[in-house]
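Participant: A single structure is presented below for examination.
The values are calculated or read from the model by the stated rules, or taken from the named source; none is laboratory data. Keep in mind it's a predicted model, so treat the numbers as computed, not measured. Positions of Cβ are backbone-derived with ideal geometry, glycine not excepted, and every protein chain shown enters the neighbour counts. Note: areas computed on protein heavy atoms with side chains; ligands, DNA, RNA excluded. Shrake-Rupley method; radii C 1.70, N 1.55, O 1.52, S 1.80 Å.
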Amino acid sequence: MMHIIYEPERQRMAIQKSGRLHKASMDFLSARGLIFPANDRTLILPCENFDIDLLYLRDDDIPEYVRSGVADLGIVGENVLAEKGADLPIIAKMDFGRCKLVIAAPKDSRIRTPEDLGGKRIATSYPKLLSEYLAKEGVEASIVPISGSTEITPELDMSDAICDLVQTGSTLKAHDLVPLFTVMESQAVLIESPAKKQAKESFLSQIGIGAIV
Ligand code: PRT
Ligand code: ZN
């Protein structure tokens, strides 16, 4: 069991604990020379050769940890950032975790244009992004908020369409859904908290991330 002593001068970076961004985030840091001990299930992992600790979190929580300054930096999908922390600055695009947030409907649906979504039920884990999209299109629809597996909701007659992430498209296809409209394109991004600017910048320059994009 590792004991972490609280050292305020150390930076903290929030990354996804497990899931699609975890390995790519670790690989990104290793490629920049950061060495971490083998993870023994701890949720805070001290870097062995830089003044930084990793916080392993659910991706959804990363914007809040960074906003509050508990984490100085974070790696998260732009989709989660836009839904939960649109106010936080992006300092680098990571070039992994690419996906699209799309509105998709059953193959046999008559939805062809965004206007056709009027009065329909759309299941999503991204209610904020979806409602912004609908407002921009001037469409009123009913948002069904659920936290995952939206793809099964049309066949259960819980929704008429879904708004979810797509990468290869094979999950949509498996449920006879077709992508219709793109709400946003996304990739993983590096974000920073408003606090502790100086120490953070020196860390970023040490790992070769220079001026803010
Ligand atoms: O446990 P935690 O809350 O941290 O993880 P999570 O389950 O919420 O997220 P996770 O690991 O699935 O995804 C993390 C991030 O990876 C997302 O926020 C996106 O930024 C990015 N990403 C990239 C994706 C995908 N591609 C993706 N394909 N996130 C999810 N998917 C899902 C999608 O929701 C759908 O169910 O994969 C399915 C579709 O994939 P295809 O390839 O069949 O189209
Ligand atoms: Zn999540």
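Participant: Alpha carbon centre of the stretch 25-95 versus the stretch 141-197: separation in Å?
Facilitator: A separation of 22 Å, based on Cα centres.
Participant: Which links in Lys84/Lys136; Lys23/Lys93; Lys107/Lys128 stretch past 21 Å when you go from one Cα to the other? Intermediate results must be reported in sequence, preceding the final value.
Facilitator: On the way: Lys84/Lys136 19 Å; Lys23/Lys93 16 Å; Lys107/Lys128 26 Å.
Lys107/Lys128, as the Cα separations exceed 21 Å there.
Participant: Same structure again: Provide the per residue accessible area, probe 1.4 Å, for the stretch 153-205, rounded to a whole number of square angstrom. Show your work: numbers first, answer last.
Facilitator: Numbers: 2660 Å² over 53 residues.
Here the residues of the stretch 153-205 average 50 Å² of exposed surface.
Participant: Within the chain, what whole-number % of the accessible surface is contributed by carbon and sulfur, with the 1.4 Å probe and all protein chains included in the calculation? If you can, show how the numbers build up before the last one.
Facilitator: Details: 5730 of 11140 Å².
Result for the chain: 51 percent of the exposed heavy-atom area is carbon or sulfur.
Participant: When only DSSP loop residues count, what GluC sites (Glu not before Pro) in the stretch 114-213 have their Cβ near at most 14 other Cβ atoms within 10 Å?
Facilitator: On the way: sites: Glu115, Glu132, Glu137, Glu140, Glu151, Glu155, Glu185, Glu192, Glu201; in loops: Glu140, Glu155.
Counting only loop positions with at most 14 other Cβ atoms within 10 Å, the GluC sites (Glu not before Pro) in the stretch 114-213 are Glu140, Glu155.
Participant: Loop-only check: which trypsin sites (Lys or Arg not before Pro) in the stretch 95-195 are DSSP coil with at most 12 other Cβ within 10 angstrom?
Facilitator: Details: sites: Arg98, Lys100, Lys107, Arg110, Arg112, Lys120, Arg121, Lys128, Lys136, Lys173; in loops: Arg98, Lys107, Arg110, Arg112, Lys120.
Sites meeting the loop and neighbour criteria: Lys107, Arg110, Arg112.
Participant: Could you state the angle between the C-alpha long axis of helix 127-137 and the longest principal axis of the C-alpha atoms of the chain, as a value from 0 to 90 degrees rounded to the nearest 10?
Facilitator: 50
Participant: Another one. Summing -39500 (n - 2.57) over the DSSP H runs of n ≥ 4 in the chain and dividing by its residue number, what mean residue ellipticity at 222 nm do you reach, to the nearest 500 deg cm²/dmol?
Facilitator: Working: 6 runs with 49 residues, N = 213.
Calculated mean residue ellipticity at 222 nm is -6000 deg cm²/dmol.
Participant: Which angle from 0 to 90°, rounded to the nearest 10, does the C-alpha axis of helix 22-31 make with the longest principal axis of the chain?
Facilitator: With both axes taken from Cα atoms, the answer is about 40 degrees.
Participant: What's the local net charge at Lys93, with K and R +1, D and E -1, over the other residues with C-beta under 13 Å away?
Facilitator: Neighbour charge sum, excluding Lys93 itself: -2.
Participant: OK, next. Skip the ligands, DNA and RNA, and give the accessible area per residue of the stretch 1-128 with a 1.4 Å probe, whole Å². Working shown, then result.
Facilitator: Details: 6590 Å² over 128 residues.
On a per-residue basis, the stretch 1-128 sits at 51 Å².
Participant: Suppose every K and R has +1 on its Cβ and every D and E has -1 on its Cβ; what is the size of the dipole of the stretch 67-213 about the Cα centre, in Debye to the nearest 20? Please report the intermediate quantities before stating the final value.
Facilitator: Values: 16 positive and 20 negative charges, 79 e Å.
Charge dipole, the stretch 67-213, about its Cα centre: 380 debye, nearest 20.
Participant: I want the local charge near Arg121. Using Cβ-Cβ distances under 10 Å, sum +1 for each Lys or Arg and -1 for each Asp or Glu among the other residues. The partial results should precede the final answer.
Facilitator: Details: positive: Lys120; negative: Asp157, Asp160.
Combined, the nearby Lys, Arg, Asp and Glu give -1.
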